[in-house]
Amino acid sequence: MDRLKHIVSYCLCEHAERLNRNLSGASADTPSPTALCEAAMFLHVNVASHDATVERWKLASWFIEGWEERFGKDASVRIATSLLWEAHNNTGLTYREFSILCAINSVIGDRSTPIRITERTIRIRAAGYKSLIVVRRELDRDKSRVAQLLTTHQVRYTLERLHQRRLFARARVRAKTVKYMVGVTDDELRKLLLQTETHRSRFRQERAQKDRELMIMIKSKNQTGSHACPPNQE
């Protein structure tokens, strides 16, 4: 759970830094004990050691900075504090479940519409990589990192467990296309998909019907116009 401790420390100190900026307009090299205490109250965390928390934050910041220098800006993930503590305290979510849920949330982001997510994407992001390109570059550099990738069976089994807890909604719309969404039930997602996934065909049908009606009207007008004009008489 050392990785989760670093995540908690990073969140605490980042929030404390925001508090510092709001108060003084500038950030300090390290969060003050007062700001860190306020951040801990806000995030419902007990800080056992200010120095240890700051040290873990620095290590996490150093890692993120180096990683993004090599691979560009990466995704940040929002996840309920209660779920993080479940994984941290081993009282609900396992770390594997936590990592897969973070992977899904990193793809969904702040979208309020269904989005397609593949099992391969989940495998990649659950291991901390944003794309297959990054995975390949890292494996070329360090073959041992392949152990970080979950198997397809592990991903499928874990997705079933998370889905049973209703931590997201998902539905299959085609043989190889599964769409995900958070904040809705499976039934609500299916109703939404019934609208969005049939929009193109419905649009084509409606357009074809309106085109047929237009052609009939044009033909009728032309016929009416020709009858209204008698032939020339000499």
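Counting only protein heavy atoms and a probe of 1.4 Å, the accessible surface of the range 25-109 is 55% carbon and sulfur.
Accessible surface for residue 167 stands near 40 Å², nearest 10, in the context of the full protein assembly shown (1.4 Å probe).
What order do you get for 59-70, 125-136 when each peptide is scored by the mean count of other beta carbon atoms within 10 Å, highest first?
Details: 59-70: 12.3, 125-136: 17.7.
My ranking of the peptides, most packed first, is 125-136, 59-70.
Protein heavy-atom surface of the range 115-164, 1.4 angstrom probe: 48% of the accessible area is carbon and sulfur, with nucleic acids and ligands not counted. Rolling a 1.4 Å probe over the protein heavy atoms gives the range 146-223 an accessible area of 79 Å² per residue.
Tell me the per residue accessible area of the range 1-83 using a 1.4 Å probe; a whole number in Å² is fine. Intermediate results must be reported in sequence, preceding the final value.
Details: 5480 Å² over 83 residues.
Dividing the accessible area of the range 1-83 by its residue count gives 66 Å².
Where in the range 105-145 does the label zone of residue 197 land, with the point 7 angstrom along Cα→C-beta and an amide N cut-off under 17 Å? Residues passing the 17 Å test: 113-119.
The values are calculated or read from the model by the stated rules, or taken from the named source; none is laboratory data. If you're wondering where the values come from, they're calculated on a predicted model, not measured in any experiment. All Cβ positions, glycine included, derive from the backbone under ideal geometry; neighbour counts span all protein chains shown. Side chains included, ligands, DNA and RNA excluded: accessible areas come from the protein's heavy atoms. Shrake-Rupley method; radii C 1.70, N 1.55, O 1.52, S 1.80 Å.
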